[in-house]
Structure formats: structure tokens, C-alpha cells
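The structure under discussion appears below in the form of C-alpha cells.
The values are calculated or read from the model by the stated rules, or taken from the named source; none is laboratory data. None of the values given here were measured: they were computed from a predicted structure. Here the Cβ is made from the backbone with ideal geometry for all residues, glycine too, and neighbour counts use every protein chain on show.
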Amino acid sequence: MSTVLVVEDESAIAELIAINLRHAGHDVVLASSAEQAQHAIGGALPDLVLLDWMLPGESGLQLARRWRADARTRALPIIMLTARAQEADKVAGLDAGADDYLAKPFSPKELLARMRAVLRRKAPDALDEAVRLGPLQLDPAAHRLLHEGEAGARELRLGPTEFRLLHFFMTHPQRVHTRAQLLDRVWGDHVFIEERTVDVHIKRLREGLALAGCARMIETVRGVGYRMVEAGDEGTVDGAGEGG
């Protein structure tokens with residue numbers, strides 16, 4: 001299940017897209033302007049953005065350029081939606097940073113297929129590549145976690161579940177994940193265990209990271225779930241040490 005931000009100022013089109021996405025199992029956030037989209041992005045990063053070219057005020061093209069220039073949103077998957085189907089327009093959209101370009105009108109099946117393709121290309125947790133966040137570097141192929149400190153690199157030991165959990169957090173930073181989402185993405189939707197089990201493994205993960213002073217990189221967002229931030233980041237959280 002992915003969270004998709006739909007930035008579209010025509011309400012009928014936005015609702016039609018939202019209905020099809022929800023039917024396919026996605027969570028949907030709607031924004032009708034660049035300002036609303038920026039506000040939504042500021043709260044939690046979605047897994048993908050469907051971005052209309054023509055928006056009131058700042059255009060989708062300008063918004064895409066701004067996101068690509070920001071380190072936090074640089075890797076955000078973006079599919080541009082527009083009635084402008086000329087080759088020059090498509091090139092402009094891709095040059096602005098869009099991962100794909102879909103001309104209106106389009107079928108829901110084509111949209112979902114394009115989304116799957118972009119998400120596959122953008123999903124680092126589907127690969128064996130090492131990932132770095134702040135002072136932490138995780139190598140899934142070698143099952144190794146390193147902390148880069150003033151005295152050099154130090155290996156941290158985690159249990160297998162905590163390692164998978166950290167890998168997911170590091171490949172999806174800044175986003176708030178519910179316990180149900182973590183169970184689905186880390187344990188798998190075929191596993192039937194209590195959601196509070198997540199809290200136990202979060203506690204163990206923090207204990208492992210505490211040896212390198214990184215426990216606070218895993219934040220509790222009260223009433224919602226958990227997210228991971230770079231060391232030193234300050235987010236809107238309530239009780240980073242609660243809930244496990």
C-alpha cells in the first residue's frame with residue numbers, strides 16, 4: 001500500500017483519480033493548488049505524487065523543479081499529468097524532474113501501470129544496495145550496519161527483525177508509518193500478529209541504536225505511528241520515546 005499525493009485543481013478529475021487509486025489499495029491525499037501540495041509534503045512525504053501541470057498560482061512544472069532542488073524531496077517520485085501532449089511539453093516536464101508524463105485523457109489502468117513502473121524504479125528497498133541516513137550506513141547484502149562517528153566507523157548489531165525494520169525506515173525517511181503499514185511492509189501481509197508487536201521491536205531497535213547515540217532518530221508520532229529522521233532533525237512529534 002502506497003500513499004499518493006494527487007495535485008489536481010479540477011475536483012471532478014481529482015475525485016475520479018482518487019476513487020481508482022483507493023480501489024487499487026492506495027492511500028490518497030488531495031491537493032488543489034501548489035500551496036496545498038507543499039503543505040502536504042511538509043507534513044509527511046508520500047510514496048508518489050501525481051502532479052497536474054496547470055495549477056492556480058505556481059504551476060506543477062515550477063513545483064517539480066522546487067522539489068528536485070530540495071534535498072528532502074529530491075528523490076520524490078513524480079508523474080506529471082497534463083492536457084499538453086506536444087513532444088516539447090513532455091520534454092519540459094521530464095526536464096523539470098518528472099519521472100513520467102501522462103497526457104489527459106488517460107485510462108485508470110494506464111495510470112496504475114505507470115505508477116507501478118515508477119515505484120519499482122524508485123524503491124531502494126527492493127535492491128541490495130547500501131543505504132545511508134545521517135551517520136548510519138546499512139548494507140542489506142552483507143547484513144551489516146555501520147555508524148560513522150568521530151573515531152571512525154563502528155559496527156552495530158541488530159536482530160534480524162530490527163535490521164529489516166531499520167532498512168525500511170532508512171529507505172523511507174521522514175514519512176510517518178502506522179503500525180499496520182509497518183506490519184505489512186516489514187513482516188508481510190500474510191503474517192497475523194498484534195500491531196503492538198511493532199512497539200516491542202521499535203524498543204529493541206532504539207536500544208541497538210542507543211549504543212551509537214542514534215535512538216532519537218526513530219521518532220514516535222503520537223496517535224499515528226513512527227518515522228525516522230536524520231540525526232539533528234526536528235519534526236513535529238509528541239513523545240519520541242513513547243509507544244515502545
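Numbers for the structure displayed
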quantity	calculated
Checklist (1) farther than 15 Å from T171 by Cα; (2) free of Cβ contacts under 8 Å to residues at least 60 places away in the same chain applied to L81, failing item	(2)
Extreme residue, surrounded by the most Cβ atoms within 10 Å (Cβ to Cβ), among residues of segment 145-175 that are among the aliphatic types (A, V, I, L, M) and in a loop (DSSP other than H, G, I, E, B)	L158
Test: residue in segment 176-184 that is farther than 15 Å from L205 by Cα, loosely packed, with under 15 Cβ neighbours inside 10 Å and assigned by TED's automatic domain parsing to the domain that holds V224	yes
Any hit, segment 45-59, residues being part of a helix (DSSP H, G or I) and closer than 20 Å to A98 by Cα	no
Top-ranked residue in segment 125-144 [being touching a residue at least 24 places away in the same chain (Cβ under 8 Å) and in contact with a Leu (Cβ under 6 Å, 6 or more places away or on another chain); ranked as surrounded by the most Cβ atoms within 10 Å (Cβ to Cβ)]	L138
